[in-house]
1. So if I check each of ALA152, ALA163, which one is more than 21 Å from ASN44 (Cα to Cα) and near the ligand (Cβ under 9 Å from one of its atoms)?
2. Only one residue in GLN116, GLN82 is surrounded by fewer than 23 Cβ atoms within 10 Å (Cβ to Cβ) and at pLDDT 95 or above. Which one?
3. Answer yes or no as to whether LEU86 is within 15 Å of the ligand (Cβ to nearest atom) and either closer than 22 Å to ILE213 by Cα or in contact with a helix residue (DSSP H, G or I) (Cβ under 8 Å, 6 or more places away or on another chain) (or both).
4. Out of region 21-50, which residues are of a type in the set (Gly, Ala, Ser) and loosely packed, with under 15 Cβ neighbours inside 10 Å?
5. Does region 168-175 contain any residue that is among the charged types (D, E, K, R), surrounded by 19 or more Cβ atoms within 10 Å (Cβ to Cβ) and within 12 Å of the ligand (Cβ to nearest atom)?
6. What residue, of VAL244, VAL214, is open to solvent by less than 50 Å² (accessible area, probe 1.4 Å) and either more than 16 Å from the ligand (Cβ to nearest atom) or touching an Asp or Glu at 6+ places or on another chain (Cβ under 6 Å) (or both)?
7. So which pairs qualify, if the first residue must be in region 92-113 and closer than 14 Å to ARG78 by Cα, the second must be assigned to a helix (DSSP H, G or I) and open to solvent by less than 10 Å² (accessible area, probe 1.4 Å), the Cβ gap must be under 6 Å, and the two must be at least 6 apart or on different chains?
Amino acid sequence: MVNTPHSNETFRALLDGARALGLTLSPEELDRFARFQDVLLDWNQRMNLTAITAPTDVQVKHFLDSLTVLEGLPGPVRNGEQSARLLDVGAGAGFPGIPLAIVRPNLQVVLLEATQKKCRFLEHVVTALNLSNVQVVCGRAEEIAHRPDQRAAYDVVVARALANLATLAELCLPFARLGGEVIAPKKLGIEAEVASAAKAINTLGGKLLPPLIVRLPILDEERQLIRIAKVRQTPATYPRRAGVPAKSPL
Ligand code: SAH
């Protein structure tokens, strides 16, 4: 990989925040984050990828926020002990999938994104960072989830800022294998959203687990990881056709 010139001071927030999450970033990992930040801010001048543009904000609100998801991953996946499969639905500019792939090189990560332009960006990032454990799939969850090679194919399915929980469950649960999990980072105080997703989660073969409270370092803000266990196969009719899960949540 080509080295990005950077000093550790420029990445103080990322380094300190990662340490607070129990991660000591290696020089190679820091290099990948630095290059990701460069590419993100460069492409963001030409296309709308993120409203967050100050480097420290990128490190905290995108990189560290993505890394808080690690705490919610099932043990073997979290520790990178085995080659597990993780899907990021609606990856956008690559969050949380790319930061997780950087710190867990044994994890097989697939980024699913509906917008072609964002897919081109994600493919560029994968090449620029030489991330051999990441694959980009361009398409809508409503269609890709019915492909036999994708359905029930993942140990963990993550989604940040994709949709309300009922819609998110319909877009994500079909991808999880039996015994797998869906993990969605959300802000606190969404009891009503969770309650109104209960029926959808049950219909889709999921079982709500207790949320995990996590702390975003540097900003010192609490968030929660909503966790859904896949306890039964999802009926073949789900997800419904494109747009329906968002327009008419179960
Ligand atoms: N996860 C990223 C992006 C959130 S924005 C982050 O947290 O920063 C939501 C993203 O999901 C957008 O990029 C949008 O194109 C994508 N998306 C929305 N609905 C989708 C669907 N049904 N299938 C696949 N991607 C979808």
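The values are calculated or read from the model by the stated rules, or taken from the named source; none is laboratory data. Since the structure is predicted, the reported quantities are computational estimates derived from the model, not experimental observations. No Cβ is skipped: glycine too gets one built from the backbone with ideal geometry, and neighbour counts run over all protein chains shown. With ligands, DNA and RNA removed, areas are computed over all heavy atoms of the protein, side chains included. Shrake-Rupley method; radii C 1.70, N 1.55, O 1.52, S 1.80 Å.
1. Values: ALA152 fails: near the ligand (Cβ under 9 Å from one of its atoms).
Exactly one of ALA152, ALA163 is more than 21 Å from ASN44 (Cα to Cα) and near the ligand (Cβ under 9 Å from one of its atoms), namely ALA163.
2. Details: GLN82 fails: at pLDDT 95 or above.
GLN116 is the lone residue from the list that is surrounded by fewer than 23 Cβ atoms within 10 Å (Cβ to Cβ) and at pLDDT 95 or above.
3. Working: within 15 Å of the ligand (Cβ to nearest atom): yes; either closer than 22 Å to ILE213 by Cα or in contact with a helix residue (DSSP H, G or I) (Cβ under 8 Å, 6 or more places away or on another chain) (or both): yes.
In short, yes.
4. So in region 21-50, the residues of a type in the set (Gly, Ala, Ser) come out as 22, 26, 34.
Passing the criteria: GLY22, SER26.
5. Taking region 168-175 first, the residues among the charged types (D, E, K, R) are 170.
Checking the rest, the ones that are also surrounded by 19 or more Cβ atoms within 10 Å (Cβ to Cβ) come to 170.
Next, from what is left, pick out any that are within 12 Å of the ligand (Cβ to nearest atom): 170.
Looking through region 168-175, at least one residue is among the charged types (D, E, K, R), surrounded by 19 or more Cβ atoms within 10 Å (Cβ to Cβ) and within 12 Å of the ligand (Cβ to nearest atom).
6. Values: VAL244 fails: either more than 16 Å from the ligand (Cβ to nearest atom) or touching an Asp or Glu at 6+ places or on another chain (Cβ under 6 Å) (or both).
Going through VAL244, VAL214 in turn, the sole match is VAL214.
7. Close Cβ pairs (under 6 Å, with a partner that is assigned to a helix (DSSP H, G or I) and open to solvent by less than 10 Å² (accessible area, probe 1.4 Å)) amount to PRO96/SER66; PRO96/VAL69; PRO99/PHE63; PRO99/SER66; PRO99/LEU67; VAL109/GLY97; VAL109/ALA101.
Rundown of residues vs (1) surrounded by fewer than 23 Cβ atoms within 10 Å (Cβ to Cβ); (2) within 16 Å of the ligand (Cβ to nearest atom); (3) modelled with pLDDT of 95 or more, yes/no style:
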site: ALA200; (1), (2), (3): yes, yes, yes
site: ARG223; (1), (2), (3): yes, yes, yes
site: ILE228; (1), (2), (3): no, no, yes
site: THR237; (1), (2), (3): yes, no, yes
